[in-house]
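For reference, the structure is listed below as C-alpha cells.
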Amino acid sequence: MPGTVVRPTRSPSSPPPGHRVAGTLVGRVIGDRYRLIAPIAEGLASSVFKAEHVRMGKALCIKVLRGPLARDPELAARFRTEARVVSRLSHPHTIGVFDFGELEGNEGFYLAMEYLHGENLFDVLRREGRLPESRAAAIGEQLLGALGEAHEAGIVHRDVKPANVMLLQPKNDADFVKLLDFGIAEIEGQGPGGGLGSPTYLSPEQARGAPPDARSDLYSLGVLLYEMVGGRPPFVAPHPMAVLSAHLHEEPAPLATLCPEVSPAFAAVVHRALGKRPEQRFESADAMRAALHAAGTHGEPTGTAPVEPPAEVTGELEIARRVDFPLEVAPERRDPRRALLPGVIAVAVALAVLFLAGRLHRAPTDVEEVEPNDAPPASAILVGYPGWRELARRNTLGEADQIRARIGPGDVDVFGVESHARGLAPDLVLLVPQRGLALELSAWSGEGFATLARGDAGQPVLARLPGEPSSSAPVLLRVTATGGAGAYRVVALGPGAASGDVVLDRLRGLEKEERVDDALLVAAGFAHLEPASPARGEVLRFAARLVETALPTKKGAGPGGPTP
C-alpha cells in the first residue's frame with residue numbers, strides 16, 4: 001500500500017518483543033520431568049526447546065503453547081482432545097508426540113515430541129531453488145503416508161507448508177521426511193496472530209473461511225509439489241489478498257511452463273490436487289500417493305512404510321524414542337492450590353469494583369469530535385508540544401477508541417493517543433474518510449509535525465505510531481484535508497481483542513457501502529502491522545470472503561458518499 005502505511009519498525013514475521021519469552025524459560029523443569037535446555041524456535045503463540053527427560057537422561061523436544069490457549073476453556077479442551085489423538089499417531093513420517101500436559105499456574109500447555117536432526121524444507125528450497133522431480137515425488141509420497149494415517153484418525157493438518165516439513169538424511173543421502181505440528185496447527189492458530197495459515201498454501205475453502213476436510217491438505221500438498229519442481233508456488237503476488245483471490249478464481253500456470261522437463265504424469269497429479277473444488281481432487285491421501293507412485297517417479301513401493309531411522313546421539317544425550325513412553329498418557333496431575341482459584345478470583349473482582357470504580361476494563365469509546373480542535377493561536381502562551389498537547393486533550397484516544405470528526409480545506413484536527421488504564425497501549429492509527437475526502441496524517445516529532453501517511457480521495461490511511469504513548473506523554477496526531485471536505489473516523493488500534501473487534505466493525509461498514517477495495521486495504525494493512533492480534537485470522541477470512549463475493553467492478557473510493 002504505497003504512500004498509505006508507515007513501514008513497521010520490526011519485521012512483521014517476527015514476534016513482538018513482548019512475546020520473546022523463550023530465554024526466560026531455559027533451565028525450567030516442567031511436568032516434573034522435562035528440563036528445558038535451549039530454545040530452538042519461537043513463534044507468536046509458542047516456543048520450541050531442546051529438552052532433557054530428567055529421569056531417562058534422553059533428549060527430546062518440548063513445544064510450549066501459551067497465551068489465549070491458557071485462558072480460553074473451549075480452546076483448552078480442544079487442545080487436550082487433539083493432543084490425545086495426535087499422541088497416538090505412529091506413522092514413521094509423522095513427528096512423534098510422546099506426552100502433553102498443562103503448565104503450572106495456568107500459563108499454557110506443552111507437548112513432548114521427538115528431537116529431530118535435519119533441515120527444514122523451507123531452508124532447502126531457499127538454498128536450492130527447485131528440486132529434481134524424483135526427489136520431490138519421494139518427499140510427497142512420504143508426506144502423503146503421514147497425512148493418510150492422520151486423516152483416518154479424523155485429523156486435518158490445515159497448515160501443510162515447507163516450514164512444517166523436516167528432511168532427515170540417516171543414510172545414502174536419501175531424504176527421510178517428518179511432518180510437524182500435526183493436529184495442533186489449527187488450535188495454535190486461534191492464539192495471537194493465528195487463525196489462518198500462510199496464504200501461499202491455503203486451499204480455496206480455507207481462503208473463504210469454510211471448514212476444511214482432508215482434501216484441503218491434499219491441495220496444500222499440491223502447492224508444495226508444484227513449488228518443489230517449478231521453483232515457485234503456483235500463485236505469487238505482493239499482496240496477500242491477491243494470492244487468496246488467485247486460489248479462489250485463477251488456474252495455475254501449467255507446471256511444464258516452469259519446468260519443461262517435468263513428466264506429464266507427475267504434472268497431472270499436481271494439477272489434479274490443485275482442483276478448486278474438493279471433489280475435483282483425489283478422494284484420499286492414499287489415492288494421491290498411489291497416483292504419484294504410478295507416475296513412475298522415484299519413491300518407496302506403494303503401501304509399504306520405510307523403517308524409521310535409529311536414534312542418534314546429540315552430544316551428551318541419546319534421543320528419546322516412542323518406546324520410552326507408555327502408550328496411554330498418564331492422568332493429568334491437578335495442583336490442589338487450584339481449588340482456591342475461584343475464591344481468589346471472586347475477591348479480586350470485588351476489590352476491583354469497590355476500589356477502582358470502573359477505571360479498569362474501560363470500555364472503548366465512539367464519540368464525536370470536541371471543538372475547537374485546530375491550531376492554537378499564534379499569540380498563545382503555550383506553544384510547541386505543551387500547547388498542542390493541551391489542545392489534543394479535548395480529543396484523546398486509547399486502544400480501540402474512535403472519534404467521529406469533520407474537516408475541510410484549511411482546517412486542522414489534533415488528537416492525543418494515550419495508554420489507558422484498561423490495558424494495552426495503541427501502536428497504530430486508522431483514518432477512514434468518506435468518499436471524496438483525502439486525508440494526511442502527521443505526528444509530533446521534535447519541534448513540529450512530520451507526515452506519517454496520506455491517502456487518495458476516500459482511501460483509508462493506516463500508520464504505525466512513532467512511539468509508545470502514555471497518559472503523561474501522549475502521541476500527538478494532526479489530520480489535514482488534502483482534498484475535499486467531509487466526515488471521517490480516527491481510530492487508535494493495538495494488539496488487543498477490542499481493536500480487532502473495531503477493525504471488523506469498520507470492515508463491515510465499508511462492505512455495506514460497497515467499498516470493497518478500501519476494506520481490503522484496511523484488512524491487509526492491519527494483518528501486516530498487527531501480527532499478534534487475536535482477530536488477525538478473522539480479519540483475513542473476512543477479506544477473503546470479500547474477494548470471492550465482490551462485484552466484477554469493485555466500488556472503492558469515489559466522489560460523494562455517506563458519513564462513515
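Taken together, the values in this text are just the output of simple stated rules run on the coordinates, not laboratory data. Keep in mind the model is a prediction, meaning the values are calculated, not measured. Neighbour counts run over all protein chains shown; Cβ positions are idealised from the backbone, glycine included.
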Which value results when the Cα radius of gyration for the stretch 366-549 is divided by 2.2 N^0.38 Å? 1.00
The aspartates and glutamates whose Cα lies under 16 Å from the Cα of LYS63, excluding any fewer than 8 residues away in the same chain, are ASP32, GLU42, GLU52, GLU82, ASP99, GLU102, GLU104, GLU107, GLU114, ASP181, GLU186, GLU188
Between GLU368 and ARG55, what is the label-to-label distance in nm when each label sits 7 Å out along the Cα-to-Cβ direction? 6.9 nm
With θ set to phi - 60° and the Karplus curve 6.51 cos²θ - 1.76 cosθ + 1.60, what are the ³J(HN,Hα) couplings of the stretch 367-373 in order, to the nearest whole Hz, using x for Gly and Pro? 10, 7, 4, 9, 9, x, 9
Among 441-450, 50-59, how do they line up from the highest to the lowest mean number of other beta-carbon atoms within 10 Å? 50-59, 441-450
If I take every Cα pair under 8 Å that is 6 or more residues apart in the stretch 366-549, average their sequence separation and divide by the length, what percent do I get for the relative contact order? 23 percent
Counting sequence-distant residues (5 or more places) and residues on other chains, those with an amide H built under 5 Å from that of LEU437 are GLY458
FRET efficiency for ARG404 and ALA174, using Cβ-Cβ distance with R0 set to 56 Å, rounded to 0.05: 0.30
From the phi angles alone, apply the Karplus equation (6.51, -1.76, 1.60; θ = phi - 60°) to the stretch 114-128 and give each ³J(HN,Hα) in whole Hz, x where the residue is Gly or Pro. 6, 8, 10, 9, x, 10, 5, 4, 4, 5, 4, 5, 5, 7, 9
Would you mind checking which residues have amide H under 5 Å from ILE319's amide H? H placed 1.01 Å from N; only 5 or more apart, or other chain. ALA59, GLU312, THR314
Which residues' amide hydrogens lie under 5 Å from the amide hydrogen of VAL475, considering only partners 5 or more residues apart or on another chain, with H built in the peptide plane? VAL417, SER470
Ranked VAL522, VAL461, criterion: other C-beta atoms within 10 Å, fewest first: VAL522, VAL461
Please list, in order along the stretch 433-444, the HN-Hα scalar couplings obtained from phi with the Karplus expression 6.51 cos²θ - 1.76 cosθ + 1.60 (θ = phi - 60°), rounded to whole Hz, x for Gly and Pro. x, 6, 4, x, 9, 9, 10, 10, 10, 10, 10, 5
Under the definition of Cα pairs under 8 Å and six or more residues apart, what whole-number percent is the relative contact order of the stretch 92-159? 27 percent
